[in-house]
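Q: Encoded as structure tokens, here's the structure I'll be asking about.
The values are calculated or read from the model by the stated rules, or taken from the named source; none is laboratory data. Small disclaimer: the values here were computed from a predicted structure and weren't measured. Here the Cβ is made from the backbone with ideal geometry for all residues, glycine too, and neighbour counts use every protein chain on show. Just so you know, the surface numbers come from the protein's heavy atoms only, side chains and all, with ligands and any DNA or RNA stripped out. Shrake-Rupley method; radii C 1.70, N 1.55, O 1.52, S 1.80 Å.
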Amino acid sequence: IPDPMFIISHDGTIIDFKGNKERLHFLPTKFLGKKISDVFPATVAKTIMRKVKITIECGETRVFEYEISGKKTEHFETRIVRSGDYEVLAIIRNITDRKLMEVQLKHLSLHDSLTGLYNRAYFEEGLKRLEGSRSSSAGLMICDVDGLKIINDTLGHNIGDIILKAV
């Protein structure tokens, strides 16, 4: 498995490590034998410890996501599985690329790819939000570029796109 795997004791001590060392940003000597709170940011460490305790008590797998900010923000998914009476196996996967793709897909689903303006799906989503609110007014501007078909037919779609973006 390419993802780093850690054995963590009930008190949060990282007991062992298996996996691809190149995927880590630091050597295993930096975390082996140390507490989760010494290795991860406080909020992430608190979440991990809560999940470790629940997993040891119930025996159910816990899956959660978090981000760590450094030179750049990275997103991770961690799966915690009970591996003994007083320890768990934590598998950590970097999901930064997936999160970036989700943001791009969300943007593309609500914006026109040529102009970058909000599209019909965004407008319909906005109408649904307004239905449940106390605000009773909304505005919509519709614009038509006269002669765009003639420009596309005579000068080409690239020129038509330039004019459409300028408008």
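Q: Using a Gaussian network model on the chain with a 10 Å cutoff between Cα atoms, which of 29, 154, 73 fluctuates the most?
A: 154
Q: Right, here's the next one. Among 137, 7, 103, flag the residue with its Cα farthest along the positive direction of the charge dipole of the chain, charges on Cβ as +1 for Lys/Arg and -1 for Asp/Glu.
A: Highest projection toward the positive end goes to 7.
Q: Moving on. So, counting K/R as plus one and D/E as minus one, what does the shell of residues with Cβ under 9 Å around residue 54 add up to? Walk me through the intermediate numbers first.
A: On the way: positive: 50, 51, 53, 62; negative: 57, 60.
Summing Lys/Arg as +1 and Asp/Glu as -1 gives +2.
Q: Give, as a single signed number, the net charge of other residues whose beta carbon lies under 15 Å from the beta carbon of residue 116, with Lys and Arg counted +1 and Asp and Glu -1. Walk me through the intermediate numbers first.
A: Numbers: positive: 106, 120, 165; negative: 112, 161.
Local net charge: +1.
Q: For the chain, set up a GNM with springs between Cα atoms under 10 Å and report which of 78, 43, 55 has the largest fluctuation.
A: 43
Q: Can you list, largest first and rounded to whole Å, the semi-axes you get for the chain by taking the square root of 5 times each eigenvalue of its Cα gyration tensor?
A: Here the semi-axes work out to 51, 21, 12 Å.
Q: How large is the helix-only mean residue ellipticity at 222 nm for the chain, computed as the sum of -39500 (n - 2.57) over DSSP H runs with n ≥ 4, divided by its residue count, in deg cm²/dmol to the nearest 500? Mind dumping the intermediate values first?
A: On the way: 6 runs with 66 residues, N = 167.
Using -39500 (n - 2.57) per qualifying helix, the result is -12000 deg cm²/dmol.
Q: Related question: Under a point spin-label approximation (7 Å from Cα along Cα-to-Cβ), what is the residue 127-residue 68 distance to one decimal in nm?
A: About 4.6 nm separates the two model spin labels.
Q: Find out how many positive minus negative residues lie around residue 95, taking Lys and Arg as positive, Asp and Glu as negative, among other residues whose Cβ is under 11 Å from that of residue 95. Could the numbers behind the result be given before it?
A: Details: positive: 93, 98, 99; negative: 3, 65, 67, 74, 77, 97, 102.
The answer is -4.
Q: Classify segment 101-159 as rounded, prolate or oblate, taking a ≥ b ≥ c as the square roots of the eigenvalues of its Cα gyration tensor: rounded when a/c is under 1.5, otherwise prolate if a/b is larger than b/c and oblate if not. Mind dumping the intermediate values first?
A: Numbers: a/c = 5.13, a/b = 1.66, b/c = 3.09.
Cα axes put segment 101-159 in the oblate bin.
Q: While we're looking at this one, here's another question. With the cut-off at 1.5 for a/c, could you classify segment 50-147 from its C-alpha gyration tensor as rounded, prolate or oblate?
A: Numbers: a/c = 4.48, a/b = 2.34, b/c = 1.91.
It comes out prolate by the Cα gyration axes.
Q: Treating cross-link reach as a plain straight distance, find the aspartates and glutamates whose alpha-carbon is under 16 Å from the alpha-carbon of residue 30, omitting any fewer than eight places away in the same chain.
A: 16, 22, 38
Q: So if I place +1 on the C-beta of Lys and Arg and -1 on the C-beta of Asp and Glu, and nothing else carries charge, what would the dipole magnitude of the chain be about its Cα centre? I want it in debye, nearest 20. Can you show the working numbers first?
A: Numbers: 25 positive and 23 negative charges, 131 e Å.
With Lys and Arg at +1 and Asp and Glu at -1, about 640 debye.
Q: Mind listing the phi-derived Karplus ³J(HN,Hα) values for segment 33-38, rounded to whole Hz, using 6.51, -1.76 and 1.60 with θ = phi - 60°, and x for any glycine or proline?
A: Once θ is set to phi - 60°, the couplings for segment 33-38 become x, 9, 7, 3, 5, 8 Hz.
Q: Residue by residue through segment 73-86, what is 3J(HN,Hα) from phi via Karplus (6.51 cos²θ - 1.76 cosθ + 1.60, θ = phi - 60°)? Round to whole Hz and write x for glycine and proline.
A: 7, 10, 10, 9, 10, 10, 10, 10, 10, 5, 10, x, 5, 10
Q: Still on this structure: Of the accessible area of the chain, with the probe set at 1.4 angstrom, what percent is carbon plus sulfur? Present the calculation step by step, with values, prior to reporting the outcome.
A: Numbers: 6680 of 12020 Å².
The C+S portion of the solvent-accessible surface of the chain is 56 percent.
Q: Run the count for segment 43-167, please: Lys pairs, Cα-Cα under 23 angstrom, 8 or more apart or on different chains.
A: Close lysine pairs under the 23 Å cut-off: 10.
Q: Right, here's the next one. Got a sec to turn the phi values of segment 5-19 into Karplus ³J(HN,Hα) couplings, 6.51 cos²θ - 1.76 cosθ + 1.60 with θ = phi - 60°, whole Hz, x for Gly and Pro?
A: Here the 3J(HN,Hα) series is 10, 10, 9, 10, 7, 4, 8, x, 7, 7, 8, 8, 9, 9, x Hz.
Q: Here's another thing I want to ask about it. With a cut-off of 8 Å between alpha carbons and a minimum separation of six or more residues, what is the relative contact order of the chain in percent? All intermediate terms of the calculation are to be shown ahead of the outcome.
A: Details: 205 pairs, mean separation 25.4, N = 167.
In percent, rounded to a whole number, it is 15.
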